[in-house]
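Asker: Following this message is one structure expressed as structure tokens.
The values are calculated or read from the model by the stated rules, or taken from the named source; none is laboratory data. The shown structure was predicted, so the numbers you read here are calculated from the model rather than taken from an experiment. Positions of Cβ are generated from backbone atoms using ideal geometry, with glycine treated the same way; all protein chains shown enter the neighbour counts.
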Amino acid sequence: MRSRVRIAKSRAEVIRQAVGQWDFSAHDFSDEELVYCAQTMFEHAFTMPEVLGFVIPSGMSPLVVKC
């Protein structure tokens, strides 16, 4: 069974803002929050035209549940 990471919606916004900064500190986040960072980066990367063939539709394979 696949486990899911749970991140508070308010914390998710803080994480998204941090990932948008070139010099964000990964040490400021828990392991679960770092998983959300990675998911956020992948979601952004998959918006590029070069990788459209590899995109998983949003909601099809969620790693993180915002609560």
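Asker: Give all pairs with beta carbons closer than 7 Å in which a residue from region 16-33 that is farther than 19 Å from ALA45 by Cβ meets a residue that is polar (S, T, N, Q) and not in a loop (DSSP other than H, G, I, E, B); count only pairs at least 6 apart in sequence or on separate chains.
Answerer: From residues that are farther than 19 Å from ALA45 by Cβ, there are no pairs.
Asker: Among (1) modelled with pLDDT under 80; (2) at negative phi; (3) not hydrophobic (A, V, I, L, M, F, W, C); (4) not in a helix (DSSP H, G or I), there is one condition GLY59 misses while meeting the rest; what is its number?
Answerer: With respect to (1) modelled with pLDDT under 80; (2) at negative phi; (3) not hydrophobic (A, V, I, L, M, F, W, C); (4) not in a helix (DSSP H, G or I), GLY59 is out only on (2).
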